[in-house]
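Student: My questions all concern the structure below.
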Amino acid sequence: MLRVVCAPDSFKGSLTATEAAEAMEKGIKNFREDIEVIKLPLSDGGEGMVQSLVSATGGKKKSAIITGPLGKKVHAEYGVLGDGRGAMEMAAASGLLLLSSKELNPLKTNTYGTGELLKALLDEGCQEIIVGIGGSATNDGGVGMIQALGGKFFDSRGRELGWGGGELKKLSDYNLKDLDPRIKKTRIRVACDVDNPLTGEKGAAMVYGPQKGATLEMIKELDDGLNRLGKLIKEKEGIDIKNVPGAGAAGGLGAGMMGFLGGELHPGVDLVLDTVKFEEKIKGAQLVITGEGKLDKQTAFGKTPLGVVKRSGGIPAVAIGGWVEEEIKSLREQGLTAFFSIIDRPRTLEESMENAFFLIEQCCEEIIRLFFQAGKSF
């Protein structure tokens, strides 16, 4: 019996990882119904992580009404996994997709809702929480998150700071005595796919500020604010987080998670693969198919297909994508067997995205047909 594992990330703008895995399965079954297909929709810690972990562990998705990045109330989903752990994406509470382009302003956006989402998981009784921190609209170092959990931040006159990255320029002190006591008993594991330090040329404000609406003047102000935060955490907690890889992720949320909550930063895809027990799920498989919307140089630096390929244990691994760049060839040295574009003829981007399910289905049918007919017998 042929066993195939379908382990894609989302095809952004087209299909969720779950939908992509379903398209893969349909293509395989078009060739032979008796092929066993194991669907493992995945994520590198960004969009779709909660769904991937809930699906893989038999958990449940839930939602809460929380504070969005500019103070408006929004509905945010989170997950309680089958083993009792919690999972959330900071972008669901404090992400770019919650704002229009005109609303982007990292001096004002905040992570208060991220803290509220953490509280929702504490209320569920979760003693370990996995947090994906991609796609943020914020640059407040996680201060808003800590404010939602009961922490207080002050200026030099003892006045409490408000919300937003612009408030950090006034930061002089903080007090965590009213921090939700449950958080100290909770393991926080952070799925992070960047290694930027907190400040400087490769820091949160300099690198990611522009995509969040920051002007050159704002970037300097935001970087200075994060620098104040890093120095204060070192002074009060004895933790030098400024240059820790990943501290600058999500506008400094990585630093806030580590410095205030004892959060552990992990490469996103590895944390997800560990959580879904990837090696256990692929035992006995003869082929693994992975993929994402765009296979490029970023794929070769820690995205889902690379993680799948590296941990497939010698099982033939194939990657598919809508857009495939030359850099994907480097994955062959990591164990990639082959890669394919799902595009079957000249199409516009819009047409390709609209037909992504069919194109993945068609591509996977041809892959399994070739694999099976190439002399493989099971």
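Readers should treat all values here as calculations from the given coordinates under stated rules, not as data from a laboratory. The shown structure was predicted, so the numbers you read here are calculated from the model rather than taken from an experiment. With ideal geometry, Cβ positions are generated from the backbone for all residues, glycine too; neighbour counts draw on all protein chains shown.
Student: Tell me, what is a quarter of the convex hull surface for the C-alpha atoms of the range 211-264, in nm² with one decimal?
Tutor: 3.7 nm²
Student: Give, rounded to the nearest 20 debye, the magnitude of the charge dipole that the range 49-269 has about its Cα centre when Lys and Arg contribute +1 at Cβ and Asp and Glu contribute -1 at Cβ. Write out the running numbers ahead of the final one.
Tutor: Numbers: 28 positive and 26 negative charges, 75 e Å.
Computed about the Cα centre, the dipole is about 360 debye.
Student: Would you mind counting up the charge near Phe340? Only other residues with Cβ under 15 Å from its Cβ, with Lys and Arg at +1 and Asp and Glu at -1.
Tutor: Working: positive: Lys294, Lys329, Arg332, Arg345, Arg369; negative: Glu292, Asp296, Glu325, Glu326, Asp344, Glu361, Glu365, Glu366.
Neighbourhood net charge equals -3.
Student: Using only the Cα atoms, what convex hull volume per residue in Å³ does the range 31-164 have? List each step's numbers first, then the result.
Tutor: Details: hull volume 16.9 nm³, N = 134.
In the range 31-164, the Cα convex hull volume per residue is 126 Å³.
Student: Based only on other Cβ atoms within 10 Å, what is the fewest-to-most ordering of Thr348, Thr337? Don't jump to the answer; show the numbers that get you there.
Tutor: Details: Thr348 8, Thr337 16.
Neighbour counts put them in this order, fewest first: Thr348, Thr337.
Student: Pairs of Cα atoms under 8 Å, at least six residues apart: use those to get the relative contact order of the chain, whole percent.
Tutor: Details: 902 pairs, mean separation 68.9, N = 378.
Relative CO of the chain lands at 18 percent.
Student: Compute log10 of I(q)/I(0) for the range 277-339 with the Debye formula, placing one identical point scatterer on every Cα and leaving out solvent, at q = 0.16, 0.30 Å⁻¹, to two decimals.
Tutor: Taken in order of the listed q values, log10 I(q)/I(0) reads -0.44, -1.36.
Student: Semi-axes of the equivalent ellipsoid for the range 147-280, please: Cα gyration tensor eigenvalues, times 5, square-rooted, ordered largest first, whole Å. Provide the component values of the computation, followed by the final result.
Tutor: Working: eigenvalues 133, 83, 27 Å².
They are 26, 20, 12 Å, listed largest first.
Student: Per 20 Å bin, what is the whole-percent P(r) computed from every C-alpha pair distance within the chain?
Tutor: That works out to 29, 52, 17, 1, in percent per bin.
Student: Could you tell me what a quarter of the Cα convex hull surface of the range 49-269 works out to, in nm² with one decimal place? Mind showing how you got there, number by number?
Tutor: Working: hull surface 43.0 nm².
For the range 49-269, averaging the hull's shadow over all directions gives 10.7 nm².
Student: Compute from the Cα atoms of the range 240-305 the Rg and the Dmax, the latter being the longest Cα-Cα distance, and quote both in angstrom.
Tutor: When restricted to Cα atoms, the range 240-305 yields Rg and Dmax of 15.5, 46 Å.
Student: Treating the range 82-154 as a set of equal point scatterers at the Cα positions, no solvent, please give the Debye-formula log₁₀ I(q)/I(0) at q = 0.14, 0.19, 0.22, 0.26 Å⁻¹.
Tutor: So the normalised log intensities are -0.45, -0.76, -0.94, -1.16.
Student: If you average the sequence gap of Cα pairs under 8 Å that are 6 or more apart and divide by the length of the range 49-269, what percent do you get for the contact order?
Tutor: Values: 562 pairs, mean separation 42.6, N = 221.
Computed over the range 49-269, the figure is 19 percent.
Student: By count of other Cβ within 10 Å, fewest leading, how are Tyr174, Tyr78 ordered?
Tutor: On the way: Tyr174 20, Tyr78 26.
Least crowded to most crowded, the residues run Tyr174, Tyr78.
Student: A follow-up question, please. At a 10 Å Cβ-Cβ cut-off, how would you order Glu292, Glu327, fewest neighbours first? Please list the in-between numbers first.
Tutor: Working: Glu292 26, Glu327 14.
So the ranking, lowest neighbour count to highest, is Glu327, Glu292.
Student: Can I ask one more? Suppose every Lys and Arg Cβ carries +1 and every Asp and Glu Cβ carries -1, with no other charges. What dipole size does the chain come out with about its Cα centre, to the nearest 20 debye? Walk me through the intermediate numbers first.
Tutor: Values: 48 positive and 52 negative charges, 152 e Å.
For the chain, the charge dipole is close to 720 debye.
Student: Among DSSP bridges having both ends in the chain, what percentage is antiparallel? Round to the nearest 5.
Tutor: Values: 16 of 46 bridges.
Percent antiparallel among DSSP bridges in the chain is about 35.
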